[in-house]
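A quick write-up on the structure given underneath.
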Amino acid sequence: MRMRCDCGEKAVYHRRYSGQRFCKGCFTGYFERKVAETIREHKMIRKGERIGVALSGGKDSTVLLHVLSALALTKGFELIAIAVDEGIRGYREEGLKAAAETCRGLGVQLEVKSFEELYGTALDRLVEKGELKPCSYCGVLRRSALNKIALDMKLDKLALGHNLDDEAQTVLMNIITGNVKKLHRMAGGAVKTVARRIKPLRNLPEKEIMLYALLRDLRFSSLQCPYADQNMRTRVREFLNRLEDENPGVKFSVIKGWEKIVMGVKVKGGVKTCHSCGEPSAGDRCRACQLMEEIKIKMSEGKLTLAD
Ligand code: SF4
Ligand SMILES: [Zn+2]
Ligand SMILES: [Zn+2]
């Protein structure tokens, strides 16, 4: 079997869905070109814009910040890293440490805001006292936190490290739960949010992002959130990975199929925006605003207090 890259160097990666083999130099070059191409194709960033990168310290957002910091110089846009500390003991500290180190190394400003500062309580405390699953609080409140920071910092766009696997998982989860509006909204551009969210890694599989991080020797946290095994996404991820093993390229097919479906779908009533914060919402008030109201009530009744 041929173990060499087209350039003649020793291959470090065999991509099953295309049959190609890459050496280190050809792979990292390909990867960076792919990100630049996705940004160009979807008109994600314009010259002179202020781009915030949501940095968790995990591999995806760390890779995104690295690739964007090189592009910022040649394409002339400004880069700021933003991190949200949800308050997950034994997990988030490590990510924040990695994030700070990455930003120091790249000379990128890092802005950190915690759930405690923004909502008066940490996620661990909410999970302990609240009725919802951890990811229901976390997802909604983190989204709202990022919007607040984007507004305060006058960001034009918010770049997220979501990769092909994340996108394929989200499509399947929205199909499983029958969330047609969310499926439609994923196509983007339909609603004006505080800062448009862009996903420059959306065409790259998680495996390739991990490989890029290792080949570039990037510092990132590989800890898994202790609440992750309680969510549906973990099951969908395992299912998609099994499918991909048997049918290389299936994750791309899920995205392509969804794009075709979305083009032909008209959502009744369109997408509303929240009366309180202006974010996309199913009703007059979005889930984040409802949750925050519930948290405020619990705190005023003394049922919820600041983290110990
Ligand atoms: S797994 Fe759930 S609780 Fe943990 S960081 Fe992700 S969304 Fe938050
Ligand atoms: Zn090569
Ligand atoms: Zn709202």
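With the structure loaded, tell me whether Val171 is over 19 Å from Gln224 (Cα atoms) and modelled with pLDDT under 95 or whether it fails that test.
So Val171 fits the description; yes.
Check every one of the strands (runs of 3 or more DSSP E) wholly within region 37-139 and list those with 1 or more residues that are among the hydroxyl-bearing types (Ser, Thr, Tyr) and closer than 30 Å to Lys296 by Cβ.
Qualifying strands (runs of 3 or more DSSP E): 109-114.
Considering each residue of region 76-101, count those that are farther than 24 Å from Leu151 by Cβ and in contact with a helix residue (DSSP H, G or I) (Cβ under 9 Å, 6 or more places away or on another chain), and give that number.
The total comes to 3.
Please pick out the residue among Leu164, Leu183, Leu160, Leu214 that is closer than 27 Å to Gln20 by Cα, surrounded by 17 or more Cβ atoms within 10 Å (Cβ to Cβ) and either out of contact with any Leu (no Cβ under 9 Å at 6 or more places or on another chain) or aliphatic (A, V, I, L, M) (or both).
So the residue among Leu164, Leu183, Leu160, Leu214 that is closer than 27 Å to Gln20 by Cα, surrounded by 17 or more Cβ atoms within 10 Å (Cβ to Cβ) and either out of contact with any Leu (no Cβ under 9 Å at 6 or more places or on another chain) or aliphatic (A, V, I, L, M) (or both) is Leu164.
The values are calculated or read from the model by the stated rules, or taken from the named source; none is laboratory data. As the structure is a computational prediction, the values presented were derived from the model and not from experiment. No Cβ is skipped: glycine too gets one built from the backbone with ideal geometry, and neighbour counts run over all protein chains shown.
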